[in-house]
Amino acid sequence: MAIPIAEPYGTELQKFRADFGDPMAASIPTHVTLLPPTEIEPNDLPGIDEHLLAVAARFPRFRIRLRGTATFRPISPVVFVPLAEGISSCEVLQSQVRSGPLNVALKFPYHPHVTVAHDLEKDALDRAYDTLAEYDCAFDVDHFSRYEHGTDGVWRPQRFFPLAG
């Protein structure tokens with residue numbers, strides 16, 4: 001589950017990711033993760049969708065502002081665009097998404113962000129960090145999406161959950 005980055009910013013950041021040499025740029029739409037990749041049994045999907053619809057129905061729309069760059073190095077070779085606005089809304093939303101049938105443990109503490117370079121050489125990570133240091137955009141979040149990892153390795157949205165609280 002993730003918040004897709006609104007256009008034109010989603011495509012713009014995906015193009016930057018590809019330009020930095022990240023081979024996953026074409027496979028992963030630009031997003032803020034709410035639930036990391038989690039294997040779900042097909043029979044569990046109706047109940048999970050009911051849960052997500054209920055969460056979305058209670059949750060108000062909010063604004064995200066992306067600004068600058070940050071990194072998880074040296075722990076993880078990732079450069080990302082951090083949220084300057086919308087952090088607490090993302091934190092609360094992800095905790096509600098990760099309740100009930102999606103109550104899964106996280107490998108790392110939740111930190112909303114938009115990855116722009118992952119598992120690349122130091123020079124490529126440095127270039128991503130420097131290139132987007134002044135990046136700034138804002139958009140309203142009116143839904144989140146459930147994605148599925150296709151057999152071709154591409155993540156695609158399967159269902160949208162409109163925020164209506």
Worksheet item: Which of the GluC sites (Glu not before Pro) found in region 1-104 are loop residues per DSSP with 10 or fewer other Cβ atoms within 10 Å of their Cβ?
Response: 39
Worksheet item: For the chain, what are the per-bin percents of Cα-Cα distances with bins 10 Å wide, up to the bin holding the maximum?
Response: 10, 39, 37, 13, 1
Worksheet item: To the nearest 500 deg cm²/dmol, what mean residue ellipticity at 222 nm is calculated for the chain from DSSP H runs of n ≥ 4 alone, each contributing -39,500 (n - 2.57), summed and divided by the residues?
Response: -8500 deg cm²/dmol
Worksheet item: Which residues does a label at residue 6 reach in region 67-108, if reach means a backbone N under 20 Å from a point 7 Å past the Cα toward the Cβ?
Response: 67-68, 81-94
Response to the item:
For region 9-89, the dipole about the Cα centre with charges only on Cβ (Lys and Arg +1, Asp and Glu -1), to the nearest 20 debye, works out at 580
Practice prompt. Compare 26, 54, 105 in a GNM of the chain, Cα atoms joined below 10 Å, and give the one with the largest fluctuation.
Written response: 105
Worksheet item: What full-extension length gain, to one decimal in nm, is calculated for residue 154 and residue 123 as 0.36 nm per residue of separation minus the Cα-Cα distance?
Response: 8.5 nm
Practice prompt. Specify the residue with the greatest mean-square fluctuation among 46, 23, 60, computed from a Gaussian network of the chain linking alpha-carbon atoms under 10 Å apart.
Written response: 46
Practice prompt. Please report how far the C-alpha centroid of region 7-31 lies from that of region 58-111, rounded to the nearest whole angstrom.
Written response: 18
Discussion item. For a quick check of your reading of the filter: which trypsin sites (Lys or Arg not before Pro) in region 85-131 sit in a DSSP loop and have no more than 12 other Cβ atoms within 10 Å?
Written reply: 107
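Each reported figure results from applying straightforward, stated rules to the coordinates on display, with no laboratory input. None of these values were measured; they are calculated from a predicted model. Please note: Cβ atoms are built from the backbone with ideal geometry, for glycine as well, and neighbour counts cover all protein chains shown.
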